[in-house]
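Inspection log for the structure reproduced underneath, given as structure tokens.
Any read-out appearing in this document is the output of simple, stated calculations on the displayed coordinates, not a laboratory observation. Keep in mind it's a predicted model, so treat the numbers as computed, not measured. Please note: Cβ atoms are built from the backbone with ideal geometry, for glycine as well, and neighbour counts cover all protein chains shown.
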Amino acid sequence: MFVCPTCSARYPAEEPHWRCTCGSYLNWERPVRFDRDSIVRNDYSIWRYRHVLALAPGKEPVSLGEGWTPIVSVDWHGREILFKLDYLCPSGSFKDRGTAVLVSKLKAWGIEEVVEDSSGNAGASLAMYTARSGINCTIYAPASASRGKLVQIALAGARLVLVPGSREDTVQAVLKAAESTFYASHNLSPLFLEGIKTLALELAEQLGWEAPESIIIPVGNGSLALGLAAGFKLLQDAGLVSRLPRLIAVQSAACAPLAAAFNAGRDEPSPITKGLTMAEGIASKAPPRGREVLAAVRTSGGAFVTVTEEEITAAIVELAEKGLYVEPTSATAAAAFTKLTAEGYIRPGGQVVAVLTGSGLKATDKLAELFAAKLPL
């Protein structure tokens, strides 16, 4: 059942919906209980947790083997940190977790054509999974997006529409297209969040059915925060973890509406003047689920932290020197760990996981420009 958080309208899950008639996004309401005995042991993708995902029995998922990404322990300035390498998902970003569930449901509904807007990673993911499923796809993207992501979208067979201006201009363009075509929005769809919650289930299983003390995540529109909160709540309700991890949400100092709101004690994203940032994946001025994201971080006992462009740049280099090649948005998590350990926020001995969300190969053009002086090209 889809439920509107604004007007409480309800819609059957057997019918395709992407928003309420009142204009609000929808949430997914389906009571489920996580059961370790129901894990599909020979499936090393998100579908090993199929019993808690939004796909009816008998329906085959659309999958490219997403999930079950490795965790790597790294010595970082004398402190251990566990990096979850979700940039090793098939399209090169964590978005594949949500896309796989969303596209599986679209296929089950019989949807034949969709539109989506993206700064790159979500669009590339949707292009690949719709190609896998046979659904026609059009992606609206900022003209300034990383070339690697745009090439990936186009080569997967999606129609690519480049929109001049800001990320917000891209949203307005796709909403016009959505008047006549199903809007497969990763920012609005509760089905996308259903897939992201598998990150929590996977982390807990890989860590011996326990939650780390803290999880550091880049946050723009906040799907990682919401998915992790939902997944760990499932595990806590099942008695499999003794506590919820602190969610440490990272935003670029140039675009931090949620950090500003959190630190001011507000329940809604703060109005901001958006600056330029290389962390394009989290450059969201007005996250539609911002209220829920703020609540999720507060409930976890976590915090928001902002990092500068200089701190992001330093983290990109340090990660690469440890064999981890990520895009700038991913590097914000490492930059935040550096900052928070120096400030004493993260206590010695506390287990910390940082999620690396997107591959550096997706942003080769931006990284080549940023580090031109270092390259013999």
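Return the single residue from G323, G195, G239 with maximal mean-square fluctuation; model: Gaussian network over the chain, springs between Cα atoms under 10 Å.
In the Gaussian network model the winner is G323.
So which GluC sites (Glu not before Pro) in region 294-324 are both in a DSSP loop and have at most 11 other Cβ atoms within 10 Å of their Cβ?
Sites meeting the loop and neighbour criteria: none at all.
Can you sort R41, R298 so the residue with the fewest Cβ neighbours within 10 Å comes first?
Neighbour counts put them in this order, fewest first: R41, R298.
What label, among (i) 63, 45, 40; (ii) 52, 49, 42; (iii) 89, 68, 45, belongs to Cα extents along the principal axes in Å computed from the structure on display?
(ii)
In whole percent, what relative contact order does the chain give with Cα contacts below 8 Å and a gap of six or more residues?
Computed value for the chain: 16 percent relative contact order.
Find, among the GluC sites (Glu not before Pro) in region 1-85, those assigned to loop by DSSP (not H, G, I, E, B) with at most 10 other beta-carbon atoms within 10 angstrom.
Counting only loop positions with at most 10 other Cβ atoms within 10 Å, the GluC sites (Glu not before Pro) in region 1-85 are E14.
Per residue of region 7-21, what does 6.51 cos²θ - 1.76 cosθ + 1.60 with θ = phi - 60° give for ³J(HN,Hα)? Whole Hz please, x for Gly and Pro, Karplus curve as stated.
10, 6, 5, 10, 9, x, 6, 6, 10, x, 9, 10, 7, 7, 5
With a 10 Å Cβ neighbour count serving as the proxy for reagent exposure, in which order, fewest first, do I111, I153 appear?
Placing the least packed residue first, the sequence is I111, I153.
What does the charge dipole of the chain about its Cα centre add up to, to the nearest 20 debye, if the Cβ of each Lys and Arg holds +1 and the Cβ of each Asp and Glu holds -1?
Value, rounded to 20: 340 debye.
About the Cα centre of region 95-190, how large is the charge dipole given +1 on each Lys and Arg Cβ and -1 on each Asp and Glu Cβ? Please answer in debye to the nearest 20.
320 debye
Can you give me the long-range amide H partners of A303? Hydrogens built in the peptide plane at 1.01 Å from N, cutoff under 5 Å, separation of 5 or more residues or another chain.
L247, I248, A249
Once the principal axes of the Cα atoms of region 95-190 are found, what is the range along each, listed largest first in whole angstroms?
Over region 95-190, Cα extents along the principal axes are 36, 27, 20 Å.
With the dipole of the chain worked out from charges on the C-beta (+1 for Lys and Arg, -1 for Asp and Glu) around the Cα centre, which of V293, I217, I272 lies farthest toward the positive end?
Ranked along the dipole, the leading option is V293.
Determine ³J(HN,Hα), in whole Hz, for all residues of region 59-74 in sequence, where each value follows from phi through the Karplus function 6.51 cos²θ - 1.76 cosθ + 1.60 and θ = phi - 60°; x replaces Gly and Pro.
Calculated HN-Hα couplings, in order: 8, 7, x, 8, 9, 10, x, 5, x, 6, 7, x, 10, 10, 7, 9 Hz.
Round to a whole angstrom and tell me the spacing of the C-alpha centers of region 155-173 and region 294-310.
One Cα centre to the other: 29 Å.
With runs of 4+ DSSP H residues as the only contributors, calculate the mean residue ellipticity of the chain at 222 nm using -39,500 (n - 2.57) per run, divided by the residue total and rounded to the nearest 500.
Roughly -10500 deg cm²/dmol at 222 nm, from the helical runs in the chain.
Measuring from centroid to centroid over Cα atoms, what is the spacing of region 62-87 and region 186-252 in Å?
First find each Cα centre; the distance between them is then 14 Å.
Using the Karplus curve 6.51 cos²θ - 1.76 cosθ + 1.60 with θ = phi - 60°, work out ³J(HN,Hα) for each residue of region 201-215 in order, rounded to whole Hz, and write x for Gly and Pro.
Karplus values, whole Hz, x for Gly and Pro: 4, 5, 4, 4, 5, 5, 9, x, 6, 8, 9, x, 5, 9, 10.
For S119, S8, S24, what ranking results if the residue with the fewest other Cβ atoms within 10 Å of its Cβ goes first?
In increasing order of surrounding Cβ atoms, one gets S8, S24, S119.
What chymotrypsin sites (Phe, Trp or Tyr not before Pro) does region 1-97 have in DSSP loop regions with at most 15 other beta carbons within 10 Å?
Y44
Which of rounded, prolate, oblate describes region 268-317, given a ≥ b ≥ c as roots of the alpha-carbon gyration tensor eigenvalues and a/c under 1.5 marking rounded, otherwise prolate only if a/b is larger than b/c?
It is oblate, given that a/c is not under 1.5 and a/b is not larger than b/c.
Could you point to the residue in A158, T69, G239 farthest towards the positive end of the chain's charge dipole, with +1 and -1 charges on the Cβ of Lys/Arg and Asp/Glu respectively?
It is G239.
Name the residue farthest towards the positive end of the dipole of region 95-190 from the options S118, L175, S146, assuming +1 on Cβ of Lys and Arg, -1 on Cβ of Asp and Glu, about the Cα centre.
Final value for the positive-end residue is S146.
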